[in-house]
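Undergrad: A single structure is presented below for examination.
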Amino acid sequence: MSTNLQLAEAIERYVNGEMTGDELARFEQYRKDNAEVDLKITEHKYFAGLLKQYRERVALEAKLNAIHDEIDVHALVEEMTVHPSGIVRMWRNHHSKISVAASIAMFVVVGAMFFTGYFTNKNQPHYQELRGEIGKLRTEVRDQKRGQNALAVEIRKRPKMTTPSNYKGSGLALSTNGYIVTNAHVVGGRFDSLYVQDASGSSYKAKLVYSEPLYDIAILKIIDKSFSELPALPYNFKRNKSEVGEEVYAIGYSEGDSPVFDKGYVSSINGYLSDSSEYRVSIPLNPGNSGGPLVNAKGSIIGIVSGKQTQVVGASYAKKSGYLYKALRNVPADSLSGKLTLNNKNTLAKLDPVKQYKKLQNYVFMVKVY
């Protein structure tokens, strides 16, 4: 039996509570010492949750079908047409069933209207945060259970079956020892665990150090024992404002496991609805870009990507890096492992964008929220 299959079976027994006392203690210690195993367990629980949702939906549909089968619709129509007073008798005989059926139908209709954006004013531009839902379960369990994963893919395609607490975004290293900045909305709300993944595909467990919703900025810290300090940061964070027309580019995990490079320019010094804390940039960004860096031609970080306008092609927004300095001043000192000071040296200034990206990609992370 392969090692991957043995691990998959052990994880399944662990999640199902089938391990003995000693075995459980050993496995929990193994999980604590191995971030990859911890991630596999988290994803296994997520997958199990999808299957549970699917079973509940099947049961709900079966209940609705049973109610429908018990009601003779054609007979009721004929009775009400010929004898209007039959409506009263019909209600007396079937009111409980009709109430359940109507409630379920109303829930389905309202849910569909909500997920399709019916309640949003379609004539007004809408601000969309660029965090993305995690769309894959990358575990060896998937290779052993392809049939189940095909079902999970089908479930994820249905809006009502998605799990809103599982998201991905991007993040940028603030220091060599594992501090990372992302958007507050990427990690907003309740979550079980945080991971960051670098360009090489290595994942590390992280924790939320500080969140500043006012500036939409969050600070994370890698706490994984397998993480090694990064080389000296090659970029700095610009304090003063950039100019309209200045060429910029964004790097983020909007697709797959590699950071994506998107180029454009600053189109306004104010953001959505004249928000002075943001830049409006003409760059076609996508879900997953939230939290990634906005970089100028000299390799300085001028902002943190945060969102886009849904009805204007290429209208995206980024929080100005000056507000990162403000957020850092509000971080409680006792929540940091030593002093966190932003780098003020820039070794990218004389490099072209291709060479800048090659260096920067090692400091841009995918942020995964479970």
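Rule-based calculations on the coordinates, nothing more; no lab input. Keep in mind that what you see is a predicted model, and the values were worked out from it rather than measured. Neighbour counts are summed over all protein chains in view; Cβ atoms, including those assigned to glycine, are modelled from backbone coordinates with ideal geometry.
Undergrad: Cut-off is 10 Å between beta-carbons; in what order do 298, 319, 221 appear when sorted fewest neighbours first? Please list the in-between numbers first.
TA: Numbers: 298 16, 319 27, 221 21.
Taking fewest neighbouring Cβ atoms as first place, the list is 298, 221, 319.
Undergrad: For residue 193, what is the net charge nearby, where nearby means another residue's Cβ is under 11 Å from its Cβ and Lys, Arg count +1, Asp, Glu -1?
TA: Values: positive: 45, 205, 207, 368; negative: 38, 43, 192.
So the environment of residue 193 carries a net charge of +1.
Undergrad: To continue, here is another question. Once you charge only the Cβ atoms, +1 for Lys and Arg and -1 for Asp and Glu, what is the size of the charge dipole of segment 159-317 about its Cα centre, to the nearest 20 debye? Don't skip to the end; give the middle numbers.
TA: On the way: 14 positive and 14 negative charges, 48 e Å.
Result for segment 159-317 is approximately 240 debye, rounded to the nearest 20.
Undergrad: Could I ask something else about it? How large is log10 of I(q)/I(0) for segment 186-241 at q = 0.14, 0.21, 0.24, 0.30 Å⁻¹ when the intensity is taken from the Debye formula with one equal scatterer per alpha-carbon?
TA: Debye curve over Cα of segment 186-241, log10 I(q)/I(0) at q = 0.14, 0.21, 0.24, 0.30 Å⁻¹: -0.53, -1.02, -1.13, -1.23.
Undergrad: Of 205/320; 263/368; 32/205; 298/339; 45/221; 221/339, which pairs sit farther than 20 Å apart, going by alpha carbon to alpha carbon?
TA: On the way: 205/320 27 Å; 263/368 24 Å; 32/205 10 Å; 298/339 27 Å; 45/221 24 Å; 221/339 13 Å.
Result: 205/320; 263/368; 298/339; 45/221 exceed 20 Å.
Undergrad: By count of other Cβ within 10 Å, fewest leading, how are 185, 126, 44 ordered? Please report the intermediate quantities before stating the final value.
TA: On the way: 185 21, 126 15, 44 18.
Fewest-to-most ranking of 185, 126, 44: 126, 44, 185.
Undergrad: Now for a different question. Got a sec? How would 130, 24 order by Cβ neighbour count within 10 Å, fewest to most?
TA: Numbers: 130 26, 24 14.
Neighbour counts put them in this order, fewest first: 24, 130.
Undergrad: As an exercise, use a Förster radius of 45 Å and the Cβ-Cβ distance of residue 336 and residue 60 to find the FRET efficiency, rounded to the nearest 0.05. Could you put the intermediate results ahead of the total?
TA: On the way: r = 48 Å, r/R0 = 1.07.
The computed FRET efficiency comes out at 0.40.
Undergrad: Report the Cα-based extents of segment 129-370 along its three principal axes, largest first, to the nearest Å.
TA: Between the extreme Cα coordinates on each principal axis of segment 129-370 lie 53, 44, 34 Å.
Undergrad: Take the alpha carbon gyration tensor of segment 294-350, find the square roots of its eigenvalues, order them as a ≥ b ≥ c, and report rounded if a/c is under 1.5; if not, report prolate when a/b exceeds b/c, else oblate. Each step should come with its number before you reach the end.
TA: Working: a/c = 3.90, a/b = 1.43, b/c = 2.72.
Oblate shape, in that a/c is at least 1.5 and b/c is the bigger or equal ratio.
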